[in-house]
1. How many residues does the stretch 301-332 hold that are in contact with a helix residue (DSSP H, G or I) (Cβ under 7 Å, 6 or more places away or on another chain) and open to solvent by 80 Å² or more (accessible area, probe 1.4 Å)?
2. Check 479, 409 and return the single one that is farther than 30 Å from residue 360 by Cβ and open to solvent by less than 70 Å² (accessible area, probe 1.4 Å).
3. I'm trying to understand the selection: among the residues of the stretch 412-450, which are hydrophobic (A, V, I, L, M, F, W, C) and more than 18 Å from residue 466 (Cβ to Cβ)?
4. Within the stretch 357-364, is even one residue of a type in the set (A, V, I, L, M) and closer than 30 Å to residue 295 by Cβ?
5. Has the stretch 261-272 got any residue that is surrounded by fewer than 13 Cβ atoms within 10 Å (Cβ to Cβ) and at pLDDT 85 or above?
6. For the stretch 361-371, check the following and say yes or no: at least one residue is more than 30 Å from residue 286 (Cβ to Cβ), small (Gly, Ala, Ser) and either free of Cβ contacts under 8 Å to residues at least 60 places away in the same chain or not assigned by the TED database to the domain that holds residue 289 (or both).
7. Which one is surrounded by the fewest Cβ atoms within 10 Å (Cβ to Cβ) among residues in the stretch 363-376 that are of a type in the set (A, V, I, L, M, F, W, C) and more than 13 Å from residue 350 (Cβ to Cβ)?
8. What do you reckon, is residue 448 open to solvent by less than 100 Å² (accessible area, probe 1.4 Å) and within 60 Å of the chain's Cα centre (by Cα)?
Amino acid sequence: MSRARADEEEYWHSSKFRAFTFDDEDDELSQLKESKRAVNSLRDIVDDDDDDDDLERVNWSGEPVGSISWSIKETSSSSTSSLEGRDSSLQKGSSSYASFPKQVSSYSLSSLFKGELCLSFSALSDVGVKNYAPELRRPKAEYKDYSNDWSPKDTVRRMQRGKVCSLERFRSLQDKLVLLDEAVAGHDGNVITAVLIFLKRTLRREILFRELEVRQVALCHLIHFLKETGEQKLLLDLLRLGFFSLSFQLSQYREHLNIHDVEKRREFLKGCIGLPFSAEDTSHIQDHYTLLERQIIIEANDRHLEMAGQSEIFRKYPRKASILNMPLVTTLFYSCFYHYTEAEGTFSSPANLKKTFKIPDKQYVLTALAARAKLRAWDDVDALFTTKNWLGYTKKKAPIGFHRVVEILQRNNAPVQVLQEYVRLVEDVETRLNLATKYKCHDVVIETYRDLKDRIQLTAYKCKVERGSAEEEKINSILNNVVRN
């Protein structure tokens, strides 16, 4: 027993470990580990084999450790009763204590540090117990990360090193602006963005924009952040104040191409209307927004009609694509194809689109002609070019030139009778002959040569028509009349 005590004393005097202090701030982690190793090494000293190994091991009450009665008592007793029992047994002068037992009782080392006794589960078994050092509190140096007295400059430096810093202590506008200026001076984009997020959350929009107007670096960081996060409304508010050039505003307007949701795109375009563009650009954006709004209404109505099968035009010619996000000309063609006969008061009426978006007559006639010719609605084509004068007389007039009308009709496989009617309306003789020859409008060619009294060309053209046909007889009749005259 004396040798064990001597070894213990020698260990504490010759140990290479230093005692742990809570005020040590220099080497926090390493000293924690050394302190734990020092405490845990007690078991090696206590468990050292000696000559007293044969002695019976007993607890404070005198009963052998590991017996059934000892286990029951140890399990059922509380910390307070255990302490009282130990005091009473000491007062009786019990001399049963012989040596430190290898199998320690339920009084763990951590309970001694905490000033209380803990019940160990290993007390119910014969397996040896390994005691660990208690969890020690963090050194004081670590608690400085959560301090509230850092200056703006120190706060920025700690943020650059990845330390945890609370920005909520900066409550006044002056402190927040100093913090922003320090972040900009540190040239760290992540820190600048973090401070801007804090300012965006704690400052009114007008104040934030006013202060960023004179801080262009921070303003550029905020714009990039808003683009990345998709906060288009706030970005449009910035542009509306006129901080940027026209080219930047136009590039922002082009962002609508990246918005796939039609409702979000409509809201985005609505926000673009107030941007400081030129009058012409503003009118264009207004028309774009109105067109998309009109397309949403038409699409919803036509989808319902198509699914319900209530319209003959949709049953005969099913839609191949949605009208949403289509250009104005495409929307007009769609309207002339499916809604040509509707009254001007409806949104889907071609006349309504022409009036709302001030579509020129040439563009309207070209688009309507292509749509009606595709449907082979020749009466609608005829009505498109028929006009009346103030005396009630009708005549055909085309703002695009009848030579273009003929080309469009031919592309849509119009019959020869329809083509000849419009080829005759081409004023230029040479153009008329070329079109009539190209599209085999024989009557027009014969009549033109007749009016020109060109016997040579008429005789030559006779070789190009079929023998015995009505065209050959017509040519012979003209030639005979010329000879008689």
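The values are calculated or read from the model by the stated rules, or taken from the named source; none is laboratory data. Keep in mind that what you see is a predicted model, and the values were worked out from it rather than measured. Methodologically, a virtual Cβ is constructed for each residue, glycine included, from the backbone with ideal geometry; neighbour enumeration extends over all protein chains shown. Each accessible area value is taken on the protein alone, full model and side chains, heavy atoms only, with ligands, DNA and RNA left out. Shrake-Rupley method; radii C 1.70, N 1.55, O 1.52, S 1.80 Å.
1. The qualifying residues number 0.
2. 479
3. Matches in the stretch 412-450: 414, 418, 419, 423, 425, 426, 429, 433, 435.
4. yes
5. The answer is yes; a qualifying residue exists.
6. no
7. If we take residues in the stretch 363-376 being of a type in the set (A, V, I, L, M, F, W, C) and more than 13 Å from residue 350 (Cβ to Cβ), then 375 is surrounded by the fewest Cβ atoms within 10 Å (Cβ to Cβ).
8. No: the conditions fail for residue 448.
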